[in-house]
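Read through the structure below, which is laid out as structure tokens, and then see the notes.
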Amino acid sequence: MSIAVLINASFNIDNTTYTTNLELPTSASTATAPFLFNVTAQPQGATTVTTMLTVAVGTTNEIYIAVAPPSYLIADAVGDIVQSLDVVVSEGTYNPTTQQFTTA
């Protein structure tokens, strides 16, 4: 029996909505159906949703992790010195738009 898991949760912290999504495929993850975990942030009244964390795990040698705190969090932490910050670690080629790995 195959069971897929999808967990969604939203939290309102200091007038910002943080949403987490966890998706486990019905079988072992593949390039086109990877394990996915996302965290987004949207300040109250804002129309833009910022992706803070993306994790995707496909098959062997396919992993993608991207972290990018929203600029308002960076400004709150260190002022306006840092304009943007993001870190991406990957093995394999991942397309965040299609949420799939592609072969070279």
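The values are calculated or read from the model by the stated rules, or taken from the named source; none is laboratory data. Since we're looking at a predicted model, the values are computed, not measured. Reconstructed Cβ throughout: ideal geometry from the backbone, glycine too, with neighbour counts over all protein chains shown.
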### Task
Taking only the range 52-62 into account, find how many residues are surrounded by 12 or more Cβ atoms within 10 Å (Cβ to Cβ) and either touching a residue at least 40 places away in the same chain (Cβ under 8 Å) or over 11 Å from the mean Cα position of the chain (by Cα) (or both).
6
### Query
If the Cβ limit is 6 Å and pairs must be 6+ apart or interchain, which residue in the range 22-43 that is closer than 16 Å to Thr59 by Cβ pairs with which residue that is charged (D, E, K, R) and at pLDDT below 90?
Leu36/Glu23
### Query
Does Tyr18 count as surrounded by 14 or more Cβ atoms within 10 Å (Cβ to Cβ) and closer than 19 Å to Leu6 by Cα?
yes
### Query
Restricting attention to the range 67-81, does a residue exist that is among the hydroxyl-bearing types (Ser, Thr, Tyr), without any contact (Cβ under 8 Å) to a residue 24 or more places away in the chain and closer than 19 Å to Ala41 by Cβ?
yes
### Filter pass, Gln100 being touching a residue at least 60 places away in the same chain (Cβ under 8 Å) and on the phi < 0 side of the Ramachandran plot
yes
### Query
Can you name the number of the only condition in (1) assigned to a loop (DSSP other than H, G, I, E, B); (2) aliphatic (A, V, I, L, M); (3) modelled with pLDDT of 90 or more that Leu53 fails?
(1)
### Query
Quick one: in the range 63-100, which of the residues that are hydroxyl-bearing (Ser, Thr, Tyr) and assigned to a loop (DSSP other than H, G, I, E, B) is surrounded by the fewest Cβ atoms within 10 Å (Cβ to Cβ)?
Thr97
